[in-house]
1. Using only Cα atoms, figure out Rg for the chain and give it as a multiple of 2.2 N^0.38 Å.
2. Determine which residues of the range 69-85 fall in the zone a paramagnetic label at Thr102 would reach in this model, i.e. backbone nitrogen under 11 Å from the point 7 Å along Cα→Cβ.
3. Can you give the FRET efficiency to the nearest 0.05 for Asp324 and Trp55, using r as the Cβ-Cβ distance and R₀ = 35 Å?
4. Which of Cys204, Cys188 comes first, and how do the rest follow, when ranked by fewest Cβ neighbours within 10 Å?
5. Along the positive direction of the dipole of the chain (beta-carbon charges: Lys, Arg +1; Asp, Glu -1; about the Cα centre), which of Asn334, Ile101, Phe88 reaches farthest?
6. Largest first, please: the extent of the C-alpha atoms of the range 60-113 along each principal axis, to the nearest Å.
7. Could you pull out the pairs from Lys241/Lys267; Lys33/Lys251; Lys161/Lys241; Lys109/Lys191; Lys69/Lys191; Lys19/Lys267 whose alpha carbons sit more than 22 Å apart here?
8. Rank these for me by crowding, Thr57, Thr197, Thr175, going from fewest to most other beta carbons within 10 Å.
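Since every read-out is calculated from the coordinates, none of them should be taken as a lab result. Quick caveat, the model's predicted, so the values are computed rather than measured. Positions of Cβ are generated from backbone atoms using ideal geometry, with glycine treated the same way; all protein chains shown enter the neighbour counts.
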Amino acid sequence: MGAEAEAPATEYFIIRPKKIRLIDILSLLILRKSLTSYKFVESSGTAKDGLRADWVTALTLLIMKVLDKIKVPLKWTGIVVEFIFNLFALNGGIRIIWRIITGKLVIPKRDSADFRSMIALIDGRQDLYKNNSLLHYFPLMEPQGGFDDINLFDITAMAAKIAYENPAYIENTVTNHWKMHFVGFYDCWNKFLEEKTTQAFIFCNKAEDADLIVLSFRGTELFNAQDWSTDVDLSTLLAGKLGLLHLGFLKAIGLQNETNFILGFPKEIEMDADKPFAYYILRQELRNLLAKHKNAEIIVTGHSLGGALSAVFPALLSYHNQNDILNSMHSVMNYGQPRVTTDSY
């Protein structure tokens with residue numbers, strides 16, 4: 001029998017940030033009661049009642065509560081800050097005064113190839129390491145794979161980094177700096193937040209007869225409170241042999257039912273074209289690419305939240321027995337990945 005048939009019907013532990021009160025947090029610190037006794041927690045009958053809070057749990061709940069309150073102002077702060085930094089960067093820093101006087105001021109556009117997030121403003125590298133990079137003098141660090149002259153650490157680290165940028169920036173980097181084939185950028189829907197909160201992109205090392213396909217997930221954005229809340233969320237859902245999985249990560253990648261894993265990830269699903277779910281749309285894109293590039297191997301990567309999603313993605317492929325994709329999977333190479341499973345409630 002497959003994993004779908006073996007998974008328990010329900011076993012979940014869900015924290016509702018909007019229901020957390022300050023008095024609850026104080027109570028956790030003083031009384032140390034079971035978390036399941038509080039109204040901000042929803043759990044199944046099979047979930048254990050013995051999880052008692054400590055100061056770390058209380059701090060985590062406080063952070064979740066604060067993040068829920070500041071998500072709108074934090075978002076607008078990010079928009080303003082990134083606009084100002086890009087305004088100076090695109091106009092030569094202090095030379096912006098001369099550009100204003102001469103009427104040559106460049107106004108940043110968030111969807112343009114030269115607009116950078118705070119990540120790229122801090123680290124503006126777009127090129128891959130050249131062959132004389134010091135990394136090439138440490139052969140034991142290089143993963144095995146016959147991908148011409150590609151250093152897999154270079155390509156995955158850079159792919160995880162530029163995943164934070166807008167689609168035009170990513171396409172320009174892949175096409176003009178790496179001289180590879182950009183396949184697509186995917187802005188995916190979170191059913192529970194009712195927003196497009198998950199982003200990823202795919203590229204190949206060649207447009208024809210490619211032997212490398214890379215899928216990179218975007219990580220935690222600096223000014224996105226929902227991303228940060230997803231990272232610190234303590235909610236879990238039992239996924240059969242996959243174990244207790246981080247519920248926030250499952251929601252981000254396309255979960256349909258937060259209390260039942262079987263219903264949460266049916267093997268096939270109908271999607272609104274304007275609201276694609278990450279797992280399903282990316283799975284289909286990889287299948288299409290493998291049909292075109294018969295000998296290609298797939299690498300999945302990401303940083304932070306993106307690393308968590310890139311770990312969950314192949315696990316779901318295995319859950320659904322998607323061997324046509326799994327057999328072409330070379331590796332998962334993540335950076336700064338948070339834990340996606342837990343041993344117990």
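1. Values: Rg = 22.0 Å, N = 345, 2.2 N^0.38 = 20.3 Å.
Dividing the Cα Rg of the chain by 2.2 N^0.38 Å gives 1.09.
2. none
3. Numbers: r = 48 Å, r/R0 = 1.37.
Plugging the Cβ-Cβ distance into 1/(1 + (r/R0)^6) gives 0.15.
4. Values: Cys204 21, Cys188 24.
Sorted ascending by nearby Cβ count, the order is Cys204, Cys188.
5. Final value for the positive-end residue is Ile101.
6. Its Cα atoms span 52, 21, 13 Å along the three principal axes.
7. Numbers: Lys241/Lys267 16 Å; Lys33/Lys251 28 Å; Lys161/Lys241 32 Å; Lys109/Lys191 29 Å; Lys69/Lys191 20 Å; Lys19/Lys267 33 Å.
Violating the 22 Å Cα-Cα cut-off are Lys33/Lys251; Lys161/Lys241; Lys109/Lys191; Lys19/Lys267.
8. Final ranking by Cβ density, sparse to dense: Thr175, Thr57, Thr197.
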